[in-house]
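*Asks:* Questions regarding the structure given below will be posed in turn.
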């Protein structure tokens, strides 16, 4: 993570390799690999490969042809997007803001509404991490409204997916603001959008579709304090339909949070250990998870306390 931080703030030695079109295509494939690693919860691998990518993308292309420059901007937007996502997982909020801003600037320069909308998703998450929930919800909804005309074109899968994912993250932001009406309205809009898409897909790395809407209904219920409803909804989800590991792990973490709210600590432990089996790094790297495990360790007694102590040791809770 230190090398990634140094690269972001400009202390790393810039690469001298020329940014020709063929090499940019190689970097594009590398960014796709990093995004896949992120969705598989392999955050250490992702963070380890990003500095090289970012150093190369810090240069202007040697050729000024439109195709080369456009690809450079697209790869920059995607690379800084996934960089911000990794940093947010690790609660590196200042660095995440920097990466999110660079992603958005590159996306805006392409004038591609889908890429712009996609880059705003990580901006919204950064705002939420700073507890600016109303601003985050407003930004998500405004970005979706600007993208909406693109969802009616002949080739719409990516636009529809980004539009729907903006509605979902806006719903969670509204729930954290305790705006139940707005949160449920955005979820309903996302559900209608998922029907238009016609299934679960991963266009523009959104993992958007009917199943992801259900996952966000669980997240939103937890944020609104509806623990029983969250658990009920989680039980309705067919986890074999949840493609990215990161999304399934978040489901189990949300379920653990719901059980904690409900006072069912044994069930919370089971949900956490399921998440740990799927993706140990998700529990080791996320400060939010550490706080939850610490709370459960403090609240539990007897054999259950011992189990939480062991879990805390495994994931590195101090």
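*Asks:* Here is a list of conditions, (1) touching a residue at least 12 places away in the same chain (Cβ under 8 Å); (2) more than 27 Å from residue 217 (Cβ to Cβ), and residue 303 meets all of them except one; can you say which number that is?
*Replies:* Status for residue 303: all satisfied but (1).
*Asks:* Collect the residues in region 258-272 that are surrounded by fewer than 17 Cβ atoms within 10 Å (Cβ to Cβ) and within 15 Å of residue 310 (Cα to Cα), keeping them in residue-number order.
*Replies:* Once the filter is applied, which keeps residues that are surrounded by fewer than 17 Cβ atoms within 10 Å (Cβ to Cβ) and within 15 Å of residue 310 (Cα to Cα), region 258-272 yields 266, 270.
*Asks:* Which members of region 40-72 meet the condition of being over 20 Å from residue 95 (Cα atoms) and under 17 Å from the mean Cα position of the chain (by Cα)?
*Replies:* 40
*Asks:* Right, here's the next one. Would you point out which residue out of 91, 101 is assigned to a loop (DSSP other than H, G, I, E, B) and either outside the structural domain of residue 158 (by TED's automatic domain parsing) or crowded, with 19+ Cβ neighbours inside 10 Å (or both)?
*Replies:* It is 91.
*Asks:* Can residue 56 be described as closer than 20 Å to residue 205 by Cβ and buried (at least 19 other Cβ atoms within 10 Å of the Cβ)?
*Replies:* No, not satisfied.
*Asks:* Would you confirm whether any residue within region 48-60 is within 30 Å of residue 151 (Cβ to Cβ), in a helix (DSSP H, G or I) and touching a helix residue (DSSP H, G or I) at 6+ places or on another chain (Cβ under 6 Å)?
*Replies:* yes
*Asks:* Still on this structure: Could you tell me whether residue 136 is crowded, with 22+ Cβ neighbours inside 10 Å and closer than 18 Å to residue 188 by Cα?
*Replies:* So residue 136 does not fit the description; no.
*Asks:* For residue 131, only one of the following conditions fails: (1) closer than 25 Å to residue 220 by Cα; (2) touching a helix residue (DSSP H, G or I) at 6+ places or on another chain (Cβ under 6 Å). What is its number?
*Replies:* (2)
The values are calculated or read from the model by the stated rules, or taken from the named source; none is laboratory data. Just so we're clear, the structure is a prediction, and the values are computed from it rather than from any experiment. Please note: Cβ atoms are built from the backbone with ideal geometry, for glycine as well, and neighbour counts cover all protein chains shown.
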